[in-house]
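The values are calculated or read from the model by the stated rules, or taken from the named source; none is laboratory data. Bear in mind that the values here come from a model prediction, so they are computed numbers and not experimental data. Glycine also receives a Cβ, built like all others from the backbone with ideal geometry; neighbour counts cover every protein chain displayed.
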């Protein structure tokens with residue numbers, strides 16, 4: 001018996017199939033077959049499963065049915081009205097000023113109105129009832145920042161010849177940060193307006209670097225699913241494809257093997273978080289650094305949330321694996337000075353291992369009739385007052401001040417985590433490394449606990465996929481009694497919830513929990529846009545009356 005190899009069988013089949021065909025037919029069939037195969041490959045092998053995509057497509061098509069579209073529009077209109085009503089409620093019916101006053105207010109009147117506006121809201125952030133948001137409540141520091149800003153409020157580093165002192169202060173802030181993250185004389189960076197801009201700038205730098213040096217025209221970034229949504233925003237702005245990598249089910253840190261498999265010839269950057277926002281866990285930056293070296297891909301470490309804690313933790317007794325420029329593969333780090341650096345809002349720092357990366361962050365226009373234009377960040381004009389206030393904050397704290405604050409915050413976080421782990425009905429996501437403790441439950445819907453704590457004045461961050469809540473511990477929570485009050489309130493509400501754990505979620509978070517089950521995420525997007533619209537809602541009320 002003669003056996004014909006598989007390749008030979010296919011060859012015979014193809015020759016028989018085409019032996020009666022004309023050349024143009026062979027070319028047409030071959031081209032069509034190849035294009036069809038490519039289309040099927042792209043259809044089947046995507047980041048999202050075929051089943052999920054079919055489900056989403058079905059939901060989108062269903063919205064073209066008039067009855068379904070009308071029902072969705074009705075619900076969205078109701079949600080929009082609820083958001084607007086909530087907006088008015090939050091400002092406690094204080095009249096909106098919707099036209100310029102005929103005569104300008106006095107300084108005293110303006111200050112009174114500003115004070116009134118800043119005191120609106122239901123949550124007592126001054127006494128630690130919120131997660132994150134306000135990282136230190138220090139009246140002396142606030143007065144210092146206000147005084148510094150008033151001196152430098154008119155300055156603008158866009159004009160270094162006119163305001164060289166502001167540029168000097170920015171350079172000093174960057175160099176201090178380079179030292180804190182174990183950089184060398186080649187390490188460099190800039191300040192930015194916040195973590196989102198710092199991340200966007202890093203993405204822009206790597207996109208342009210990859211295009212010029214490696215010829216990559218279809219850039220991709222590989223990020224953990226827990227990476228901050230600012231990376232997705234940057235991808236939308238800069239037309240970069242995002243390849244998300246799942247996290248380990250126990251540690252909630254990125255799965256390194258999956259990250260390696262996600263790397264392609266178009267990968268321009270790898271990302272790790274220290275820590276990530278949802279769970280406060282730290283990705284294995286050492287392993288990501290090794291991937292960066294092996295595949296010659298820049299590695300960005302997002303330390304926006306905890307950067308100004310983790311750089312001090314080893315000095316106060318909390319050792320961490322290396323995460324900064326000590327690792328040869330790490331090429332950039334973002335860290336927010338307006339969080340645990342305690343600087344005023346609107347200040348962050350982006351650092352690079354080498355100027356060659358920072359050069360690609362810059363925007364340079366050489367042929368503009370207005371002159372040669374160069375800008376280091378997204379903004380042209382920048383608030384010199386914020387730079388000066390950030391510099392002043394660092395000088396005010398000094399190394400000893402930051403070490404003291406870091407120890408208090410990490411000690412308090414570890415205490416809260418330890419006590420929460422003793423409570424029945426809840427669990428902690430992974431192992432928090434700095435100041436974020438995330439809670440979940442396998443016995444009841446965790447949003448029930450969140451709603452119960454809201455009723456007691458606490459405002460926590462809600463998580464999804466899976467549902468969870470987290471507390472971001474700040475210096476305010478280190479004040480006497482704050483942590484214990486939080487723990488006591490959690491215990492009290494858990495006892496009530498566990499009496500009937502199967503009850504559904506009620507209140508505002510019921511909609512948040514429900515949204516996770518909506519396959520057509522465009523509906524969730526419309527709800528989110530309605531929420532954002534409500535932030536700018538101004539009801540048609542009369543001009544606020546100001547007593548002279």
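Can you pull out every residue in segment 336-361 that is over 23 Å from residue 296 (Cβ atoms) and out of contact with any helix residue (DSSP H, G or I) (no Cβ under 8 Å at 6 or more places or on another chain)?
345
For the subset of segment 472-486 comprising residues that are in a helix (DSSP H, G or I) and either modelled with pLDDT under 95 or crowded, with 16+ Cβ neighbours inside 10 Å (or both), which member is farthest from the chain's Cα centre (by Cα)? Please lay out each step first, then the result.
So the first thing to find is which residues in segment 472-486 are in a helix (DSSP H, G or I), and the list is 475-478, 482-486.
Those left that are additionally either modelled with pLDDT under 95 or crowded, with 16+ Cβ neighbours inside 10 Å (or both): 475-478, 482-483, 485-486.
Numbers: 475: 21, 476: 22, 477: 23, 478: 25, 482: 27, 483: 26, 485: 29, 486: 26 Å.
Step by step, filter segment 472-486, then rank; the result is 485.
How many residues, within segment 189-206, are crowded, with 22+ Cβ neighbours inside 10 Å and farther than 20 Å from residue 343 by Cα?
Number satisfying all stated conditions: 6.
Across segment 158-178, what is the number of residues that are at pLDDT below 95 and either surrounded by 15 or more Cβ atoms within 10 Å (Cβ to Cβ) or within 26 Å of the chain's Cα centre (by Cα) (or both)?
Residues that pass the stated criteria total 1.
Looking at 406, 413, which one is in contact with a strand residue (DSSP E or B) (Cβ under 7 Å, 6 or more places away or on another chain) and assigned to a helix (DSSP H, G or I)?
After applying the criteria, what remains is 413.
Just wondering, is there one or more residues in segment 22-30 that are within 22 Å of residue 534 (Cα to Cα) and at pLDDT 80 or above?
Applying the first criterion (within 22 Å of residue 534 (Cα to Cα)) to segment 22-30 yields none.
No, there is no match, as no residue in segment 22-30 is within 22 Å of residue 534 (Cα to Cα) and at pLDDT 80 or above.
Collect the residues in segment 420-448 that are in a helix (DSSP H, G or I) and more than 24 Å from the chain's Cα centre (by Cα), keeping them in residue-number order. Can you show your working first?
Looking only at segment 420-448, we keep the residues that are in a helix (DSSP H, G or I), and these are 420-421, 446-448.
Scanning segment 420-448 gives 420, 421, 448.
Might you let me know whether segment 493-508 holds any residue that is assigned to a strand (DSSP E or B) and either within 19 Å of residue 309 (Cβ to Cβ) or more than 26 Å from the chain's Cα centre (by Cα) (or both)? Give the derivation first.
Pass one, segment 493-508, residues assigned to a strand (DSSP E or B): none.
No, because not a single residue in segment 493-508 is assigned to a strand (DSSP E or B) and either within 19 Å of residue 309 (Cβ to Cβ) or more than 26 Å from the chain's Cα centre (by Cα) (or both).
Scan segment 253-269 residue by residue and report those that are buried (at least 17 other Cβ atoms within 10 Å of the Cβ) and assigned to a loop (DSSP other than H, G, I, E, B).
253, 255, 263, listed by residue number.
Going by the structure shown, is residue 137 surrounded by 15 or more Cβ atoms within 10 Å (Cβ to Cβ), assigned to a loop (DSSP other than H, G, I, E, B) and in contact (Cβ under 8 Å) with a residue 60 or more places away in the chain?
Numbers: surrounded by 15 or more Cβ atoms within 10 Å (Cβ to Cβ): yes; assigned to a loop (DSSP other than H, G, I, E, B): yes; in contact (Cβ under 8 Å) with a residue 60 or more places away in the chain: yes.
So residue 137 passes the test.
Could you tell me which of the residues 230, 287 is in contact with a helix residue (DSSP H, G or I) (Cβ under 8 Å, 6 or more places away or on another chain) and either in contact (Cβ under 8 Å) with a residue 40 or more places away in the chain or within 23 Å of residue 378 (Cβ to Cβ) (or both)? Give the steps one after another, and end with the answer.
Details: 287 fails: either in contact (Cβ under 8 Å) with a residue 40 or more places away in the chain or within 23 Å of residue 378 (Cβ to Cβ) (or both).
Among 230, 287, only 230 is in contact with a helix residue (DSSP H, G or I) (Cβ under 8 Å, 6 or more places away or on another chain) and either in contact (Cβ under 8 Å) with a residue 40 or more places away in the chain or within 23 Å of residue 378 (Cβ to Cβ) (or both).
Yes/no per residue for (1) in contact with a strand residue (DSSP E or B) (Cβ under 6 Å, 6 or more places away or on another chain); (2) touching a residue at least 12 places away in the same chain (Cβ under 8 Å); (3) closer than 19 Å to residue 403 by Cβ:
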| residue | (1), (2), (3) |
| --- | --- |
| 319 | no, no, yes |
| 330 | yes, yes, no |
| 339 | no, yes, yes |
| 344 | no, yes, no |
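Check 183, 272 and return the single one that is in contact (Cβ under 8 Å) with a residue 12 or more places away in the chain, assigned to a loop (DSSP other than H, G, I, E, B), closer than 20 Å to residue 328 by Cα and touching a strand residue (DSSP E or B) at 6+ places or on another chain (Cβ under 7 Å).
Numbers: 272 fails: assigned to a loop (DSSP other than H, G, I, E, B).
Of the residues listed, the single one that is in contact (Cβ under 8 Å) with a residue 12 or more places away in the chain, assigned to a loop (DSSP other than H, G, I, E, B), closer than 20 Å to residue 328 by Cα and touching a strand residue (DSSP E or B) at 6+ places or on another chain (Cβ under 7 Å) is 183.
Just wondering, is there one or more residues in segment 516-532 that are modelled with pLDDT under 95, closer than 24 Å to residue 92 by Cβ and exposed (fewer than 12 other Cβ atoms within 10 Å of the Cβ)?
If we filter segment 516-532 for residues that are modelled with pLDDT under 95, which is where we start, we get 516-532.
Restricting the remaining residues to those that are closer than 24 Å to residue 92 by Cβ gives 530-532.
With the extra rule that they be exposed (fewer than 12 other Cβ atoms within 10 Å of the Cβ), the set shrinks to 532.
Taking every residue of segment 516-532 in turn, at least one turns out to be modelled with pLDDT under 95, closer than 24 Å to residue 92 by Cβ and exposed (fewer than 12 other Cβ atoms within 10 Å of the Cβ).
Among the residues of segment 139-151, are any at pLDDT 90 or above, touching a helix residue (DSSP H, G or I) at 6+ places or on another chain (Cβ under 8 Å) and closer than 18 Å to residue 358 by Cβ?
There is no residue in segment 139-151 that is at pLDDT 90 or above, touching a helix residue (DSSP H, G or I) at 6+ places or on another chain (Cβ under 8 Å) and closer than 18 Å to residue 358 by Cβ.
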